[in-house]
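Structure first, commentary second.
Bear in mind these aren't lab numbers, they're just calculated from the coordinates by the rules spelled out. Note that this is a predicted model, so its numbers are computed, not measured. Virtual Cβ from ideal backbone geometry, glycine too; neighbours counted across all protein chains shown.
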Ligand SMILES: [Zn+2]
């Protein structure tokens, strides 16, 4: 099923209306409605971009937790320095 939407109005308050010509128009502003594709290409690009930013961060966290559970050496100062660096990155 293809959904229609108005690109100018708030999706919350939109309602469809049929114009005298027979095509669907926005009930609020009277603009022609645009077909909404099932999966937008922009969403895929955004998802890829977001994951490419988040994955190294998640990987760092996993690495950090692994090191805290089973530290490779007893140098705790190095771990706390790493924690500060990550805290600064997140804020
Ligand atoms: Zn509209």
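A few points about this structure:
Yes or no, residue by residue, for (1) surrounded by 10 or more Cβ atoms within 10 Å (Cβ to Cβ); (2) over 22 Å from the mean Cα position of the chain (by Cα):
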position	(1), (2)
15	no, yes
19	yes, yes
24	yes, yes
27	yes, yes
32	yes, yes
36	yes, no
44	yes, no
49	yes, no
54	yes, no
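- Within the range 33-67, the set of residues being touching a residue at least 12 places away in the same chain (Cβ under 8 Å) and closer than 25 Å to residue 87 by Cα comprises 57, 60, 61, 64, 67.
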